[in-house]
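> Take a look at the following structure, please.
The values are calculated or read from the model by the stated rules, or taken from the named source; none is laboratory data. As the structure is a computational prediction, the values presented were derived from the model and not from experiment. Using ideal geometry, Cβ is built from the backbone for each residue, glycine included, and neighbour counts are taken over all protein chains shown.
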Amino acid sequence: MKLKRLAISEEGFVFDPETGNSYTVNETGLLILKKLREGLSLEEIAEIMNEEYGISREEALRDIQDFLEAMARFGLWEEKYG
Amino acid sequence: MKRPYQKPTILKLQVGFLREKKSSLSRMVRQEIDGVPVAELAEKFGSPLFVFSEKRLREQFRYLKRLFEGHYPRVEFSWSYKTNYLDAICRIFHQEGATAEVVSNFEYEKARRLGVPGDQIVFNGPYKPKEILRQAVLEGARINVDSLDEILDLEEIARETGEKLRIGLRVNMDTGIYPRWDRFGFNLESGEVLNVARRIAAGGRLEVVGLHCHQGTFILEPEAYGRAAEKLVDLSQKLENDFGWTIEYLDLGGGFPSRNRLKGLYLPPEVAVPPLSEYAEKIARALLTRLPAGDYPLLILETGRALVDEAGFLITTVRALKRLPDGRRAYILDAGVNLLFTAFWYHFRVEVEREIPGPPEPCVLYGPLCMNIDVVEESALLPPLARGTRLVLSPVGAYNVTQWMQFITYRPRVVLVTENGNAEVIREAETLEDIVRREKIPEHLK
Amino acid sequence: MVKVAVSGINAVDNPGPGLGIIKGLREGETPVSVVGLAYDAMEPGIYLTDLIERAYLLPYPSEGEAPFLNRLLYIKEKEGLEVIIPALDAELPLFIDLEARLSSYGLKTFLPTQKQFKLRAKDHLPEVAEAIGIKTPHTLVLASYEEFMKALSRLKFPIMVKGLFYKAFRAYTQAEAQQYFHAIVAEWGYPVIVQEVVKGEEMNVVGVGDGEGGHFGLVAIKKLWITSLGKIWTGVTVTHSGLLTAAESFVKHFRWRGAFELETIVSGDDIYLIEINPRFPAWIYFAVGVGINLPARLLKAALGGEPERAWDYPAGKLYIRFTDDLVTDLEVFQRMVTRGER
């Protein structure tokens, strides 16, 4: 899994040792990355976002999908959800 | 208390794009226009919505008037109709004492309909249909002639009326700016103006009483106006000496900039656009040093953009979110270049109706048209926006509500926030009926 | 210890003057602590911690005055900043416009006026040259393609094709000239300046005007070797009296305030003015190295002191620019992109 190789700092700095590319993620992006690495499903992450921020599960899921879409464009995510 | 939510973002770091991002956040929020909340305006009148501020219109007019009158004794502001000819907007400027500057039959008729007397109208433009020209002559409008053919038309009208007609000449010249607008009026440096003057004098039916020069648009060089004023004074003295005419007015046209961000200009408008006081100083200095004391012709200014642009806002709503192949976000707005003709030349200020948490990231703002050119802003820097977020674009007061087009959808309402803080509709949204009313179906297609 | 911020720390193949200025400041008599101002987290100066104690990213000048001012005030608050020495063309108009406001917050600068700054537009060069008794190459300011084509038939090749502020190309043929003309129009618009190429020695003068007609020193150099981007790689000091007199006239006539560089071509007794830069050039350390520490003198003037005015420097000193390498961790980079400062 591509996420495993990433070096992720608490400040949201992400380094990919394989490609040499760097990225920044914001607080929510960081949360999603961490939970994905822990192996949580998108629904479970949406649930956490709902608890943490009080947004609806639907909005959370829509935003996670959009985030993963961006990750996929950068080659950091493959379209195998769940 | 839950923590404020930011949409998740990931940005790839690329050399050349590793810029500072925090300082620009605070300026991107606009919650109200002259005290009326943006949300209230949009909910009551719909989105998209043009909003004009009466307070700003009047204040800017009074500011400019004071400014120029402080430098030169005789100044007339002639409201440039083409910039924004909504009745309510024109009324405000006429109330403040502006005459009307029109460039077509439609604009002439609109000014007359608003109750502006003919002698309070400056009539410019390269094509003045004969009928309207005749009416303007009879009603005593100031007519600035653009071509020799127009002189022929006026001589013919003069024959009909049996009176000598008083006209102005439109002159184009080198004032050191680019591009040079040399297709309007008669060229100074080539001697064309003097040839035309001789022709007019020989005809005996016309008399030149004014000179007009409109150098261009969004002119960022105050000195150019100084040079134009100098050249017009020199020309007027030559015409007075050679032909015995009395030049009663010098019209320096418009072209004064607003604090809008012209595309291709790197510096922000606060720095790139000189203060209007510099224009007033240059013009007045050129006039006062060349004119004999006490003999001051009327100075006419046709300021449009500088008066109205910054009083106009457009409220628009994010209707859809997209992710482009290069990873950038894109937003589909309910207003595009159909309403914002000036988006082709200017980068508007983009403000969000409320503080949105999250890092600003490069994004594209698209309009609702099914055309590739419908781009409101090709590179905005905005925090991630949710569907339904309202944006406020400004300044959009100049040229948009005259050059907007009715293409695939209706044109929205225009409201005026009055000086008392009420929002009043000054143009209703179009309906299907408005658009089809003038259509006819031939019998065989019914 | 004076806290000074310096911009232009982009020491790349087209280097900014920042590092040269900083080296000068560090060799001056006033002890300084340097804050580097950068526009991109990859500007090399950010990583040179021996020269630059602290580094901050600034918003682009194009984003507007308010964010720019806010950022500078934030840095002042955090660092106790006293003086700013801006060094880049694109930011100077903003600093000049903000000068009074910065000063009201206790941030000192020593800059040309807006009117002086405008002299750098290439269509002003003939007027400046005439005022200080030197020449300009035969120059045409063109506002259309037709004018350009007409001009081409009257000029001898090679010619220089230039934008009003940026870009300059040397064209040997009509086809080349047309290509450059279109490139400049596409990027910078009209007017386009076309200039005859004058043969001679490429000589430049750097100085700091006191704003009252005098100056805090001048240094003239000749470029011996330039890179493909036209940047000096080696040079030698000269004491060309005509050139130095012209520079003194320039300072006197325009009452120049702050740093400047005049680029000229010297051909026998004739001096041709090619460009005016309203700031220090990237080779400013050359002046420091021959004993005329213009950055330190400018700092003193900004602080309200009376800097030294002696400027007796030897001719024949050599300037060698060279490249260097640095290996470091991603840490500073990470801090710059997440916090915008280090």
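> Residues of segment B:236-266 being over 16 Å from residue B:219 (Cβ atoms) and not charged (D, E, K, R), which ones?
Selection gives B:236, B:237, B:239, B:241, B:243, B:244, B:245, B:246, B:247, B:249, B:250, B:266.
> Within segment C:288-334, restricting attention to residues that are surrounded by fewer than 18 Cβ atoms within 10 Å (Cβ to Cβ) and either within 14 Å of chain A (Cβ to nearest Cβ) or among the polar types (S, T, N, Q) (or both), which residue is farthest from residue C:234 (Cα to Cα)?
Out of the qualifying residues, it is C:331.
> What's the number of the condition residue C:99 fails, among (1) in contact with a Leu (Cβ under 8 Å, 6 or more places away or on another chain); (2) part of a loop (DSSP other than H, G, I, E, B)?
Status for residue C:99: all satisfied but (2).
> Determine if segment B:40-48 includes at least one residue that is of a type in the set (A, V, I, L, M), within 28 Å of residue B:316 (Cα to Cα) and in the same structural domain as residue B:358 (by TED's automatic domain parsing). Explain how you work it out, then say what you get.
First pass over segment B:40-48, keeping only residues of a type in the set (A, V, I, L, M): B:41-42.
Remaining after also requiring within 28 Å of residue B:316 (Cα to Cα): B:41-42.
Still in the running and in the same structural domain as residue B:358 (by TED's automatic domain parsing): B:41-42.
Scanning segment B:40-48, I find at least one residue that is of a type in the set (A, V, I, L, M), within 28 Å of residue B:316 (Cα to Cα) and in the same structural domain as residue B:358 (by TED's automatic domain parsing), so the answer is yes.
> For segment B:117-142, enumerate the residues that are buried (at least 23 other Cβ atoms within 10 Å of the Cβ) and either closer than 18 Å to residue B:301 by Cα or aromatic (Phe, Trp, Tyr) (or both).
B:121, B:122, B:123, B:124, B:141, B:142
> Let me ask another. Checking the condition closer than 28 Å to residue C:115 by Cβ and not in a strand (DSSP E or B), which residue from C:263, C:248, C:275 passes?
On the way: C:263 fails: not in a strand (DSSP E or B); C:275 fails: not in a strand (DSSP E or B).
Just a single option satisfies the conditions, and that option is C:248.
> Continuing with the same structure: Tally up the residues in segment C:135-158 that are closer than 26 Å to residue C:247 by Cα and of a type in the set (A, V, I, L, M, F, W, C), please.
Going residue by residue through segment C:135-158, those that are closer than 26 Å to residue C:247 by Cα are C:135-141.
Now drop any that are not of a type in the set (A, V, I, L, M, F, W, C), which leaves C:140-141.
Of the residues in that region, 2 qualify.
> Another question, if that's okay. In segment B:240-267, which residues are within 14 Å of chain C (Cβ to nearest Cβ), touching a Ser or Thr at 6+ places or on another chain (Cβ under 7 Å) and farther than 15 Å from residue C:114 by Cβ? Full working, then the answer.
Keep residues of segment B:240-267 that are within 14 Å of chain C (Cβ to nearest Cβ), which gives B:259-267.
Those left that are additionally touching a Ser or Thr at 6+ places or on another chain (Cβ under 7 Å): B:266-267.
Of everything in segment B:240-267, just one residue is within 14 Å of chain C (Cβ to nearest Cβ), touching a Ser or Thr at 6+ places or on another chain (Cβ under 7 Å) and farther than 15 Å from residue C:114 by Cβ, namely B:266.
> Scan the strands (runs of 3 or more DSSP E) fully inside segment B:261-377 and keep the ones with 2 or more residues being within 16 Å of the chain's Cα centre (by Cα) and touching a residue at least 24 places away in the same chain (Cβ under 8 Å).
Values: elements: B:298-301, B:312-323, B:329-333, B:349-352, B:361-366.
Correct list: B:312-323.
> Then there's this: Mind listing whichever residues of segment C:31-61 are outside any loop (DSSP other than H, G, I, E, B), over 20 Å from residue C:14 (Cα atoms) and within 13 Å of another protein chain (Cβ to nearest Cβ)?
C:55, C:56
> In this structure, does residue B:353 turn out to be surrounded by fewer than 21 Cβ atoms within 10 Å (Cβ to Cβ), more than 14 Å from chain A (Cβ to nearest Cβ) and touching a helix residue (DSSP H, G or I) at 6+ places or on another chain (Cβ under 9 Å)?
Criteria met by residue B:353.
> Scan segment B:378-408 for residues that are within 14 Å of chain A (Cβ to nearest Cβ) and part of a strand (DSSP E or B) and jot them down.
Going through segment B:378-408, the residues within 14 Å of chain A (Cβ to nearest Cβ) turn out to be B:382-389.
Scanning segment B:378-408 gives a single hit, B:382.
> Okay, next question. Go through segment B:12-110 and tell me which helices (runs of 4 or more DSSP H), entirely inside it, have 1 or more residues that are within 30 Å of residue B:302 (Cα to Cα), more than 14 Å from chain C (Cβ to nearest Cβ) and in contact with a helix residue (DSSP H, G or I) (Cβ under 9 Å, 6 or more places away or on another chain). Talk me through it step by step, then tell me what you get.
Details: elements: B:38-45, B:54-69, B:87-95.
It comes to B:54-69, B:87-95.
> What are the residue pairs meeting all of these: first residue in segment C:62-90, first residue in contact (Cβ under 8 Å) with a residue 24 or more places away in the chain and within 13 Å of chain B (Cβ to nearest Cβ), second residue acidic (Asp, Glu) and part of a helix (DSSP H, G or I), Cβ atoms under 6 Å, and 6 or more apart or on different chains?
C:65/B:270
> Additional query: Could you run through segment B:173-214 and say how many residues are farther than 17 Å from residue B:146 by Cβ and in a strand (DSSP E or B)?
Number of matching residues: 1.
> Moving on to the next point. Would you mind stating whether residue B:425 is crowded, with 20+ Cβ neighbours inside 10 Å, under 26 Å from the mean Cα position of the chain (by Cα) and either in the same structural domain as residue B:45 (by TED's automatic domain parsing) or within 21 Å of residue B:83 (Cα to Cα) (or both)?
Numbers: crowded, with 20+ Cβ neighbours inside 10 Å: no; under 26 Å from the mean Cα position of the chain (by Cα): yes; either in the same structural domain as residue B:45 (by TED's automatic domain parsing) or within 21 Å of residue B:83 (Cα to Cα) (or both): yes.
In short, no.
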